[in-house]
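**Student:** Okay, here's the structure, questions in a sec.
The values are calculated or read from the model by the stated rules, or taken from the named source; none is laboratory data. These figures come from a predicted structure and were not determined experimentally. With ideal geometry, Cβ positions are generated from the backbone for all residues, glycine too; neighbour counts draw on all protein chains shown. With ligands, DNA and RNA removed, areas are computed over all heavy atoms of the protein, side chains included. Shrake-Rupley method; radii C 1.70, N 1.55, O 1.52, S 1.80 Å.
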2 protein chains.
Amino acid sequence: MALNKKPVTGMKDILPAEMQLRDYCINVIKETYGKFGFTSIETPCVESIGNLNSKQGGENEKLIFKILKRGEKLNLAEAKEEMDLVDGGLRYDLTVPLVRFYANHANELPSPFKALQIGNVWRADRPQRGRYRQFMQCDIDILGEPSNLAEIELILATTTTLGKLGFQDFVIRINERRILKAMAAYSGFAEEDYDTVFIILDKMDKIGADGVKAELVESGFAAEAADKYMSLFDELTANGNSVAWLAEKLGDFLEPEVSQNLSEIIDSVRATKASEFEITFDPTLVRGMSYYTGTIFEIAIPQFGGSCGGGGRYDKMVGKFTGKDVPACGFSIGFERIILLMMENGFQIPGQPKKIAYLIEKGVSGDRLCEVIAQAQEARKNGDQILVARMNKNKKFQKEQLTKEGYTDFVEFYKNPIEKQ
Amino acid sequence: MALNKKPVTGMKDILPAEMQLRDYCINVIKETYGKFGFTSIETPCVESIGNLNSKQGGENEKLIFKILKRGEKLNLAEAKEEMDLVDGGLRYDLTVPLVRFYANHANELPSPFKALQIGNVWRADRPQRGRYRQFMQCDIDILGEPSNLAEIELILATTTTLGKLGFQDFVIRINERRILKAMAAYSGFAEEDYDTVFIILDKMDKIGADGVKAELVESGFAAEAADKYMSLFDELTANGNSVAWLAEKLGDFLEPEVSQNLSEIIDSVRATKASEFEITFDPTLVRGMSYYTGTIFEIAIPQFGGSCGGGGRYDKMVGKFTGKDVPACGFSIGFERIILLMMENGFQIPGQPKKIAYLIEKGVSGDRLCEVIAQAQEARKNGDQILVARMNKNKKFQKEQLTKEGYTDFVEFYKNPIEKQ
């Protein structure tokens with residue numbers, strides 16, 4: 001028949017071993033974030049196409065899986081363009097749906113509202129190794145909290161969770177959009193060029209300081225500005241990446257409360273952290289999304305090249321949708337990367353029940369079968385995991401397969417127990 | 001702006017109180033099914049449109065949310081019909097994806113394979129109260145087990161789970177497609193008419209025995225057959241719905257192993273059940289899907305009119321996809337109905353942590369802020385749920401809101417503690 005055994009292009013089936021790890025991580029995440037007062041919410045996977053195309057999703061808006069209109073609304077003969085055919089799409093992130101959710105339910109929610117979302121998102125990206133078109137995101141957001149208490153709580157909650165999942169010695173890189181801007185202004189770049197400058201600065205990891213400088217000049221910026229900009233980074237490094245030093249250097253280009261605010265976040269997190277990690281001011285951190293208005297941060301895990309999550313403050317996004325600004329700040333864990341790293345590291349899930357397989361000879365039935373099942377029920381009540389299965393013809397192979405699944409004990413039940421002994 | 005605050009038609013946002021209950025239920029389900037050796041798997045929410053339209057989904061195939069082709073593959077100018085425009089769709093159940101999954105991975109899976117799936121499905125049904133176009137299904141299936149051990153394990157696992165969720169005095173109604181057929185044959189109906197007869201029989205709950213009889217005659221069946229059929233049900237009731245009595249009555253119309261097999265399931269479940277419920281043979285149970293080949297069963301919960309879940313044996317479905325039959329049997333819980341009932345009954349989630357809100361006056365910062373956060377971190381380590389938030393201007397209202405969220409204790413932190421006391 002027409003069945004295609006493979007999942008659709010770019011998406012994957014999840015087998016039992018990986019699912020067990022995912023379920024474990026989700027439980028740790030929900031429990032830990034719960035302790036910080038984050039409450040789970042869920043939105044539909046489908047959003048109206050108008051919401052998805054609202055310019056908040058940046059490049060992701062080009063990658064939407066669109067959903068065909070149904071019934072009378074679908075008029076194929078008169079359709080002139082794609083948008084005539086569709087009315088919804090699969091969400092490409094959890095932030096746009098969160099903002100819609102908040103706009104819809106603000107009256108029913110406490111203030112501040114601390115939301116936890118774990119859910120799939122879809123992007124029709126070019127398929128590549130380790131990146132899928134359906135993947136899970138795990139976001140926490142605080143809406144309605146203007147002070148840096150939001151950043152402190154988000155960073156402590158996320159790092160405590162990562163610690164509980166066995167990660168240590170990772171680094172939280174933190175920066176501020178307003179510091180980024182002040183450094184550019186100080187160096188003589190024009191405000192309308194900031195975004196272009198930051199896109200080039202964002203390549204620092206890959207092309208180094210000299211590369212950034214060269215590309216700035218190539219892009220038509222004044223060599224003087226590029227020089228001053230790169231010297232500022234050099235001096236800042238020489239001064240231990242000190243926020244206080246930078247604030248003094250930038251003078252009137254930066255409001256004092258911005259640097260104080262950032263320093264307080266870094267100091268508070270250092271003083272109260274519950275797991276082993278470092279938090280450092282990183283003036284080269286840019287983060288792609290243009291909707292960020294203040295602090296931005298990222299998780300760098302040594303075993304893993306890129307970022308394993310990040311976030312920041314986006315105080316103007318709710319207002320763009322509802323007409324009334326609401327302070328907002330979020331932190332997203334790169335769930336799929338975390339799972340990948342844990343599998344590569346051979347992470348052992350703690351507190352697993354004892355796994356016992358009861359193998360029953362084919363002819364066992366009636367009262368004898370009831371006895372075996374009753375025994376299994378009793379063992380389950382005592383906390384064991386009991387697989388009750390018919391004995392296969394090739395018992396040895398069956399046991400090998402079950403051993404791979406983690407079964408350590410086998411009990412065999414025969415129709416005539418005495419005969420077999 | 002263009003933002004639509006509402007979720008798309010027929011789908012819903014899930015608020016924190018309901019999410020907490022859903023998360024609790026999912027954990028109980030995963031833990032309990034786990035004890036029976038069921039392992040979680042997941043498939044993508046999107047399936048190829050060919051798989052979804054493979055005639056296994058019955059009426060649901062008319063309700064598919066279809067996904068538009070992308071890039072060069074989408075040729076709007078030359079598209080003549082809907083199917084030229086789409087390449088995928090959102091799954092309408094978890095059974096078709098499971099069978100595809102099994103076909104794709106059978107070599108990597110143990111035999112028998114006991115799968116647990118909890119996931120959303122989508123159906124573009126007419127929206128109505130309490131029914132949504134995105135809803136969660138929770139299925140367990142055993143693939144590769146030909147004996148009634150599959151049915152016994154599925155029913156015990158599902159009923160144990162329902163018991164742990166606080167349900168009792170519910171009824172598992174069980175029947176056999178082959179008994180349905182034998183009763184129809186015995187009464188004189190022709191084999192090609194069975195499906196029509198069963199569709200009418202399925203209305204017994206609503207129109208009663210007289211109604212069924214009248215509709216059979218109206219539909220053109222011989223009054224003699226309708227009479228004999230309804231008398232058989234009457235006699236069976238008078239004989240306590242005994243499977244053994246029916247088997248003798250039906251004689252050669254029913255293979256003896258069918259009734260023995262069914263009786264053994266009922267007896268074994270009664271003898272080993274771990275929660276309070278009844279299992280009864282119900283000769284009027286039909287279940288809609290034509291793919292069932294043997295036992296069929298349903299959960300009836302007294303507080304709730306309709307079915308809260310069901311399943312059965314479908315030994316021929318894998319073969320229709322792969323060319324090689326594999327015995328298969330599944331049981332699906334009506335997750336959304338279970339949640340609805342639990343909310344209506346005011347179910348209290350056990351083992352909740354103590355919820356304490358720390359309210360911090362606006363001016364608190366620096367070392368004093370660190371002290372407060374450190375205290376919160378310590379309490380979290382000890383198992384409490386601590387919300388750290390800035391004190392709102394209207395402190396009374398803030399506390400009222402938090403009380404609604406389940407916070408029982410409030411601790412207030414001021415910039416100058418002594419002054420305030």
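**Student:** When both residues are 6+ apart or on different chains and their Cβ atoms are under 9 Å apart, which pairs have a first residue that lies in the stretch B:390-408 and is within 9 Å of chain A (Cβ to nearest Cβ), and a second that is of a type in the set (Lys, Arg) and open to solvent by less than 90 Å² (accessible area, probe 1.4 Å)?
**Tutor:** So the pair list comes out as B:Leu402/B:Lys355; B:Glu405/B:Lys355; B:Tyr407/B:Lys355; B:Tyr407/B:Lys399.
**Student:** Can B:Ala106 be described as buried (at least 16 other Cβ atoms within 10 Å of the Cβ) and of a type in the set (A, V, I, L, M, F, W, C)?
**Tutor:** In short, yes.
**Student:** Looking at the stretch A:160-181, can you tell me whether even one residue there is touching a Pro at 6+ places or on another chain (Cβ under 8 Å), open to solvent by 10 Å² or more (accessible area, probe 1.4 Å) and at positive phi?
**Tutor:** yes
**Student:** Let me ask something else about it. Taking the stretch A:5-21, which residues are surrounded by fewer than 20 Cβ atoms within 10 Å (Cβ to Cβ), part of a helix (DSSP H, G or I) and either outside the structural domain of A:Phe347 (by TED's automatic domain parsing) or not polar (S, T, N, Q) (or both)?
**Tutor:** Once the filter is applied, which keeps residues that are surrounded by fewer than 20 Cβ atoms within 10 Å (Cβ to Cβ), part of a helix (DSSP H, G or I) and either outside the structural domain of A:Phe347 (by TED's automatic domain parsing) or not polar (S, T, N, Q) (or both), the stretch A:5-21 yields A:Ala17, A:Glu18, A:Met19, A:Leu21.
**Student:** Still on this structure: May I ask you to say which residue of A:Ile386, A:Ile339 is open to solvent by less than 40 Å² (accessible area, probe 1.4 Å), modelled with pLDDT of 95 or more, outside any loop (DSSP other than H, G, I, E, B) and facing chain B (nearest Cβ under 10 Å)?
**Tutor:** A:Ile386
**Student:** Can A:Ala209 be described as open to solvent by less than 10 Å² (accessible area, probe 1.4 Å), in a helix (DSSP H, G or I) and touching a residue at least 24 places away in the same chain (Cβ under 8 Å)?
**Tutor:** no
**Student:** Restricting the first residue to the stretch B:349-376 and requiring it to be more than 10 Å from chain A (Cβ to nearest Cβ) and open to solvent by less than 70 Å² (accessible area, probe 1.4 Å), which pairs with a second residue that is part of a loop (DSSP other than H, G, I, E, B) and hydrophobic (A, V, I, L, M, F, W, C) meet a Cβ separation below 6 Å and a spacing of at least six or different chains?
**Tutor:** B:Leu359/B:Met391; B:Glu361/B:Met391
**Student:** Just the residues that are in contact with a helix residue (DSSP H, G or I) (Cβ under 7 Å, 6 or more places away or on another chain) and under 25 Å from B:Gln20 (Cα atoms), please, taken from the stretch B:325-337.
**Tutor:** Across the stretch B:325-337, the qualifying residues are B:Phe331, B:Ile333.
**Student:** What is the one condition in (1) open to solvent by less than 50 Å² (accessible area, probe 1.4 Å); (2) modelled with pLDDT of 90 or more that A:Glu400 does not satisfy?
**Tutor:** Against the list (1) open to solvent by less than 50 Å² (accessible area, probe 1.4 Å); (2) modelled with pLDDT of 90 or more, A:Glu400 comes up short only on (1).
**Student:** Specify which of the listed residues (B:Phe135, B:Phe101) is modelled with pLDDT of 95 or more and buried (at least 21 other Cβ atoms within 10 Å of the Cβ).
**Tutor:** Criteria check complete, one pass: B:Phe101.
**Student:** Could you list, in sequence order, the residues of the stretch B:146-177 that are of a type in the set (D, E, K, R), at pLDDT 95 or above and out of contact with any Ser or Thr (no Cβ under 8 Å at 6 or more places or on another chain)?
**Tutor:** B:Glu153
**Student:** If you don't mind, there's one more thing I want to ask. Name the residues in the stretch A:24-54 that are among the basic types (Lys, Arg) and within 15 Å of B:Leu387 (Cβ to Cβ), would you?
**Tutor:** A:Lys35
**Student:** Further question: Only one of A:Leu149, A:Leu143 is without any contact (Cβ under 8 Å) to a residue 60 or more places away in the chain and open to solvent by less than 10 Å² (accessible area, probe 1.4 Å). Can you tell me which?
**Tutor:** Selected residue: A:Leu149, the only one of A:Leu149, A:Leu143 that is without any contact (Cβ under 8 Å) to a residue 60 or more places away in the chain and open to solvent by less than 10 Å² (accessible area, probe 1.4 Å).
**Student:** Limited to the stretch B:1-16, what total is found for residues that are more than 7 Å from chain A (Cβ to nearest Cβ) and either hydroxyl-bearing (Ser, Thr, Tyr) or touching a Gly at 6+ places or on another chain (Cβ under 9 Å) (or both)?
**Tutor:** Residues in the stretch B:1-16 being more than 7 Å from chain A (Cβ to nearest Cβ) and either hydroxyl-bearing (Ser, Thr, Tyr) or touching a Gly at 6+ places or on another chain (Cβ under 9 Å) (or both): 1 in total.
**Student:** Any chance you could count how many residues in the stretch B:99-123 are of a type in the set (A, V, I, L, M) and either touching a His at 6+ places or on another chain (Cβ under 6 Å) or closer than 17 Å to A:Gln134 by Cβ (or both)?
**Tutor:** Count: 2.
**Student:** Still on this structure: Applying the selection to the stretch B:247-280, what residues are at pLDDT 95 or above, under 29 Å from B:Gln303 (Cα atoms) and touching a Lys or Arg at 6+ places or on another chain (Cβ under 8 Å)?
**Tutor:** B:Ile279, B:Thr280
**Student:** Quick one: in the stretch B:28-56, which of the residues that are within 7 Å of chain A (Cβ to nearest Cβ), part of a helix (DSSP H, G or I) and at pLDDT 95 or above is most open to solvent (accessible area, probe 1.4 Å)?
**Tutor:** For the stretch B:28-56, the residue satisfying everything is B:Lys30.
**Student:** Only residues in the stretch B:238-250 that are farther than 11 Å from B:Ser263 by Cα count as the first member; pair them with residues that are among the polar types (S, T, N, Q), Cβ under 8 angstrom, at least 6 apart or cross-chain, and list the lot.
**Tutor:** Note: pairs meeting the criteria are B:Asn241/B:Thr280; B:Trp245/B:Asn239; B:Leu246/B:Asn239; B:Leu246/B:Ser259.
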